[in-house]
Each structure stands twice: as structure tokens, then as C-alpha cells.
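The values are calculated or read from the model by the stated rules, or taken from the named source; none is laboratory data. Everything numeric in this text was worked out from a predicted model, so none of it was measured. Every residue, glycine among them, receives a Cβ derived from its backbone with ideal geometry; neighbour counts consider all protein chains shown. For the accessible areas, the whole protein counts, side chains as well, though only heavy atoms, and no ligand, DNA or RNA atoms are used. Shrake-Rupley method; radii C 1.70, N 1.55, O 1.52, S 1.80 Å.
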Amino acid sequence: MSTNSFGRLFSFTTWGESHGPAIGVTVDGCPPELPLDEAWLQHWLDRRRPGQNRFTTQRREPDSVEILSGVFEGSTTGAPIQLMIRNLDQRSKDYSDIKDRFRPGHADITYWRKYGIRDYRGGGRASARETASRVAVGGIARRVLESMAPGLRIQAYLIQIGALEIDRSRFNSGEIDGNPFWCPDAGAVEGWGEFLTQTRKSGDSIGAVVECIAEGVPAGLGAPVYAKLDADLAAAMMSINAVKAVEIGAGMSAATLTGSENADEIEFRQDNPRFLSNNSGGILGGISTGQDIILRFAVKPASSILNPRATITKSGEAVAVVTKGRHDPCVGIRAVPVAEAMMACVLADHLMLHRGQVGTNRGNIG
């Protein structure tokens, strides 16, 4: 299986399956002399770790990360960094009934038709278990960002579960880490909890929308054609399991605006250009404007559900399938820290590309 790598200068390759002995990642291009230890990476992994509340899968994985190379005496060396996370709570027998059956909405049938073999235990390589490796890489990327763009801050959160949206008039970033949904609207939390409880009891699942913002991004990151910053961010988010749509700035709603409404007007204030709105989501022509980068993505409902769905076997026989095991009623919840990690990786990569090509920004204003 090819193409398990992401990034240009700051790049990583993930490996491992959901029910194998371990998962992990090799990170290449990390600058030397950055502080890095397992405790720092563990902080970010703990935010994604399963089994922390009743609204996520009850698979009990400690997600303890081990650094195998690329770090010496607490600092990166510039060599490839190898990370490993052991799988300790697999229940492969839960998947024996779907060995020869394709789950509707899942990658089972496409994997089989492409490769002629699939690891049916938890989805194998297609499992969201793989994203733990990305979150670990995101911890390394944040060290790169600290050194190259001090003050850059990334935060993601849920703005919608099913048809239930937050009230933006109650938006409070201080609420995000204080509830199981990464929700910035304290008034929405109770309703979301009741809704997800009923969804789980009915044997079903539901989708969600994640928003991710990067503040303090320098102007000039990205390139006009094949290395557009927004294109790479969209690719990063679309690579996350179950993501089906990505929008940046005004996104799809830009189609309803006039040019006069959509264009972010500019003024010169305090020796810097200032934008009066941010419909562009912080990116114009594939290059960052210096504004906040704002993106959202939609996560489909999990396909592993208890309600019977019609499908076929490998021999073409018509059957019904029910997926046993421990699954998230809303996979969008644990996609939040993954979104932050992928945003960090893309920005770290583009900061290094920008520095390598032009050094510092060349066009002065005023």
C-alpha cells in the first residue's frame, strides 16, 4: 500500500493497523535543537484518547507514546523521529461476523476491490485509530511553530452535532476544554448530551461539524498554484477519517454573496494593512494574509452501527450486517484534536517552505 506520507519539508509517514500490536509514525524534516520529550507528546494524545467519557468509544487505550529515535537529551537532533504507540485493548473477535461482509458506508468494499485483501478487525488501516499517530506528530509540529512563529495559536471545537448547532452569541473559548464535546457554547452541552445518549441507545450514530482556527499566522505562507495553503489544508482535513466536506472562510456560503459583500476591504492602520472582514478565511490566492485562518469540515456518521443494514458478501450473497464492538456514536468529537494536529503540520511545513524560498517577506507597505 503506497502513499502513507504527508508533507513536503516537514513530513511524516504513519504505519500500523487498528488491531495490530502497535501503530506509529516516522517524522522527517524536523529541525534540530527543539525541546521534545514523551510527556509533551502525551499531553496532546490524552486529548484524543478513547474511553474518557460515555460519548466516545469505550475502547481503553492508554495511548502511551514511545520515542525511538531522533531525540537526544531532550532535544531533537534533525534525524528522523520514530514514534510508537502500542495497542493494548483490542477485541478482534467482535469483528468475526463481518469477515466476509461489507459494511455499508465503510471502506470494506473499496479496500477489497482494490487490494483483494483487507484487515476486517476494526477496519485495519482505515480505522480512526491511525489518527493517534497524527496527533503525536502534531505535538512535534507545535514545537516547530513555537520556534518559527511565536504567538501562533491553533484551536478547534465542535459547532454542530446532527442538526443541533451552537449559538455563536454565547461563544466562549474558555468552555472548550471543560466539556466532553469541545463545545464553545455551554448552553448547547446538555442538549447535545441528551441527543447523543438517545442516538447511542437506538444503535445509531450521527455526524458533526468541526471548526478550526489558527491565530497569529504570518502573511506570505503558501504559493499561488500547486502549493496553495488552502489546498494543502483542505487535503489535510479531507484525509481525516469520515470527513466528507471542507470549507475555508465563508466557504459554501460565498456562493450566495455578491462581489461587494465577499471582498474583504483593506485599510492601512498602525503601519500595517488591516482587513475589515475575513470572508477569505485568512488566505488569498493560496497565500496567507496574516488574518486568522478559519476552516470547517463535516464528519459523516460512523458506519459501524448496531442497526441492521443491507449489504453483500464477498461471493455476492445478499445479507444484513450489524457491527458489534465499541464505537463512537459521533466520531466528530474525537476529530477535534486531530484537526488541530493536521493544521499544525501544514503550517509547520509551509513555514519551512516559505523560509527556504524567500527567507522573510519582501513586499513592504507604507
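Every condition in (1) open to solvent by less than 10 Å² (accessible area, probe 1.4 Å); (2) assigned to a helix (DSSP H, G or I) holds for residue 143 except the one numbered (1).
For region 1-15, what are the residues that are at pLDDT 95 or above and either of a type in the set (Gly, Ala, Ser) or over 30 Å from residue 120 (Cβ atoms) (or both)? Scanning region 1-15 gives 5, 7, 8, 9, 10, 11.
Of 244, 300, which residue is open to solvent by 60 Å² or more (accessible area, probe 1.4 Å) and in contact (Cβ under 8 Å) with a residue 60 or more places away in the chain? Please lay out each step first, then the result.
Working: 244 fails: in contact (Cβ under 8 Å) with a residue 60 or more places away in the chain.
The unique qualifying residue is 300.
State the number of residues belonging to region 155-166 that are part of a loop (DSSP other than H, G, I, E, B) and open to solvent by less than 60 Å² (accessible area, probe 1.4 Å). Steps first, please.
First, the residues of region 155-166 that are part of a loop (DSSP other than H, G, I, E, B): 162-163, 166.
Of the ones still in play, those that are also open to solvent by less than 60 Å² (accessible area, probe 1.4 Å) are 162, 166.
Counting residues in region 155-166 that are part of a loop (DSSP other than H, G, I, E, B) and open to solvent by less than 60 Å² (accessible area, probe 1.4 Å) gives 2.
Within the option set 320, 255, being at pLDDT below 95, more than 27 Å from residue 153 (Cα to Cα) and outside any loop (DSSP other than H, G, I, E, B) holds for one residue only, 320.
Selection within region 31-52: residues that are open to solvent by 40 Å² or more (accessible area, probe 1.4 Å) and over 17 Å from the mean Cα position of the chain (by Cα). The member of this set that is modelled with the lowest pLDDT is 52.
If you go through region 153-164, how many residues are among the hydrophobic types (A, V, I, L, M, F, W, C) and closer than 13 Å to residue 212 by Cα?
Step one: filter region 153-164 for residues among the hydrophobic types (A, V, I, L, M, F, W, C), giving 154, 156, 158-159, 161, 163-164.
If we keep only those that are closer than 13 Å to residue 212 by Cα as well, we get 154, 156, 158-159.
Adding up the residues that qualify gives 4.
Residue 28 meets the conditions (1) under 28 Å from residue 177 (Cα atoms); (2) at pLDDT 95 or above; (3) among the acidic types (Asp, Glu); (4) within 20 Å of the chain's Cα centre (by Cα) in every case but one. The failed one is (1). Hey, residue 266 hits all of (1) surrounded by 15 or more Cβ atoms within 10 Å (Cβ to Cβ); (2) without any contact (Cβ under 8 Å) to a residue 24 or more places away in the chain; (3) of a type in the set (Val, Ile, Thr) but one; which does it fall short on? Every condition holds for residue 266 apart from (1).
Regarding region 279-293, can at least one residue be identified that is open to solvent by less than 30 Å² (accessible area, probe 1.4 Å), more than 23 Å from residue 244 (Cβ to Cβ) and in contact with a His (Cβ under 9 Å, 6 or more places away or on another chain)? The answer is yes, given that some residue of region 279-293 is open to solvent by less than 30 Å² (accessible area, probe 1.4 Å), more than 23 Å from residue 244 (Cβ to Cβ) and in contact with a His (Cβ under 9 Å, 6 or more places away or on another chain).
Could you check region 303-322 and list, in sequence order, the residues that are under 30 Å from residue 165 (Cβ atoms) and without any contact (Cβ under 8 Å) to a residue 60 or more places away in the chain?
We begin by selecting, within region 303-322, every residue under 30 Å from residue 165 (Cβ atoms); these are 303-307, 309.
Across region 303-322, there are no qualifying residues.
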